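Asks: Please see the structure below; I have some questions.
The values are calculated or read from the model by the stated rules, or taken from the named source; none is laboratory data. Note that the coordinates shown come from a computational prediction; the quantities given were computed from them, not determined experimentally. FYI the Cβ positions are ideal-geometry reconstructions off the backbone, even for glycines, and counts take in every protein chain you see.
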Amino acid sequence: MRRIVALLAALALLASVGAASAAAGPRTTGVNHFVGNFDMTDTNGTVIGHIHADFTEPTMTRMVPGTLDIVWEPYDVASPPFPFMPLDWPPVKESHAQLLAGSFGDEIDPNLGHGITAFTSGYLCDYTAPWNAGCREFAVIFQVFDNDGVPDRVGWGMEPDSAGQYDWSYWYGRGKGSFVLTYAGPTGG
């Protein structure tokens, strides 16, 4: 009988430790980290895709900074949303990234206030069907501002010009879902 009670006590202790670990959530101190699982919306608030991202700064022990995946809402090929405007492809259903970089910083925008930024870049592969994808260079910025009137946002840069500069004209909002940017300090600091 004592063995059964001891076994039940051990299982209860294990369950409570596991629950506490799960409740702690993602890394929250001393590490720059972005975790998002949210709807991306256009300027009208229409959901255009669902983003799942989890990345930090690359290191010698973790060279790939993380992951970024998107499931796109169906759209009309005649008027595709960004980032498919320049592509003459069938509708893209999913995009999956090979991340090469991850950096974090803060900035002051005279119109928006103080913001915290998570940046990643690499190659984005757009899938129109199984075994049918095209890949291209991209960069994305996730921003959070301390101004309550400014929503969290996502900025995209696709296929840099010959000087390696991205066009940051494409900004979208965060819809439903989680958007957690943990900032410990500037990248490289």
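Asks: Can you pull out the residues in segment 109-122 that are of a type in the set (A, V, I, L, M, F, W, C) and within 15 Å of Gly185 (Cα to Cα)?
Replies: Within segment 109-122, the subset of a type in the set (A, V, I, L, M, F, W, C) is 112, 116, 118-119.
Of everything in segment 109-122, those that are of a type in the set (A, V, I, L, M, F, W, C) and within 15 Å of Gly185 (Cα to Cα) turn out to be Ile116, Ala118, Phe119.
Asks: Further question: So which pairs qualify, if the first residue must be in segment 92-116 and closer than 30 Å to Cys135 by Cα, the second must be of a type in the set (A, V, I, L, M) and in a loop (DSSP other than H, G, I, E, B), the Cβ gap must be under 7 Å, and the two must be at least 6 apart or on different chains?
Replies: Leu99/Val64
Asks: Can I ask one more? When you check Trp156 against the structure, is it more than 16 Å from Ile51 (Cα to Cα) and under 19 Å from the mean Cα position of the chain (by Cα), yes or no?
Replies: Details: more than 16 Å from Ile51 (Cα to Cα): no; under 19 Å from the mean Cα position of the chain (by Cα): yes.
No.
Asks: Okay, next question. Taking segment 36-63 as the region of interest, how many residues are surrounded by fewer than 12 Cβ atoms within 10 Å (Cβ to Cβ) and charged (D, E, K, R)?
Replies: Within segment 36-63, residues that are surrounded by fewer than 12 Cβ atoms within 10 Å (Cβ to Cβ) and charged (D, E, K, R) number 1.
Asks: Is segment 146-156 home to any residue that is polar (S, T, N, Q) and over 17 Å from Leu181 (Cα atoms)? Explain how you work it out, then say what you get.
Replies: So the first thing to find is which residues in segment 146-156 are polar (S, T, N, Q), and the list is 147.
If we keep only those that are over 17 Å from Leu181 (Cα atoms) too, we end up with none.
Scanning segment 146-156 turns up no residue that is polar (S, T, N, Q) and over 17 Å from Leu181 (Cα atoms).
Per-residue answers, yes or no, for (1) under 22 Å from Gly36 (Cα atoms); (2) not aromatic (Phe, Trp, Tyr):
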{"position": "Trp131", "(1), (2)": "no, no"}
{"position": "Asp161", "(1), (2)": "no, yes"}
{"position": "Tyr170", "(1), (2)": "yes, no"}
{"position": "Ser178", "(1), (2)": "yes, yes"}
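Asks: Looking at segment 64-78, which of the residues that are assigned to a loop (DSSP other than H, G, I, E, B) and touching a strand residue (DSSP E or B) at 6+ places or on another chain (Cβ under 9 Å) is surrounded by the most Cβ atoms within 10 Å (Cβ to Cβ)? Write out each step before concluding.
Replies: The first filter runs over segment 64-78 and keeps only residues assigned to a loop (DSSP other than H, G, I, E, B), leaving 64-65, 73-78.
From what is left, the residues that are touching a strand residue (DSSP E or B) at 6+ places or on another chain (Cβ under 9 Å) are 64-65, 73, 75.
Details: Val64: 12, Pro65: 22, Glu73: 14, Tyr75: 14.
It comes out as Pro65.
Asks: For Gly164, state whether it is surrounded by fewer than 19 Cβ atoms within 10 Å (Cβ to Cβ), among the small types (Gly, Ala, Ser) and either in contact with a helix residue (DSSP H, G or I) (Cβ under 9 Å, 6 or more places away or on another chain) or in a strand (DSSP E or B) (or both).
Replies: It is false that Gly164 is surrounded by fewer than 19 Cβ atoms within 10 Å (Cβ to Cβ), among the small types (Gly, Ala, Ser) and either in contact with a helix residue (DSSP H, G or I) (Cβ under 9 Å, 6 or more places away or on another chain) or in a strand (DSSP E or B) (or both).
Conditions (1) modelled with pLDDT of 95 or more; (2) surrounded by 12 or more Cβ atoms within 10 Å (Cβ to Cβ); (3) in contact with a Phe, Trp or Tyr (Cβ under 7 Å, 6 or more places away or on another chain); (4) under 20 Å from Pro186 (Cβ atoms), marked per residue:
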{"residue": "Pro80", "(1), (2), (3), (4)": "no, yes, no, no"}
{"residue": "Leu87", "(1), (2), (3), (4)": "no, yes, no, no"}
{"residue": "Val92", "(1), (2), (3), (4)": "no, yes, yes, no"}
{"residue": "Gln98", "(1), (2), (3), (4)": "yes, yes, yes, no"}
{"residue": "Asp148", "(1), (2), (3), (4)": "no, no, no, no"}
{"residue": "Lys176", "(1), (2), (3), (4)": "yes, no, yes, no"}
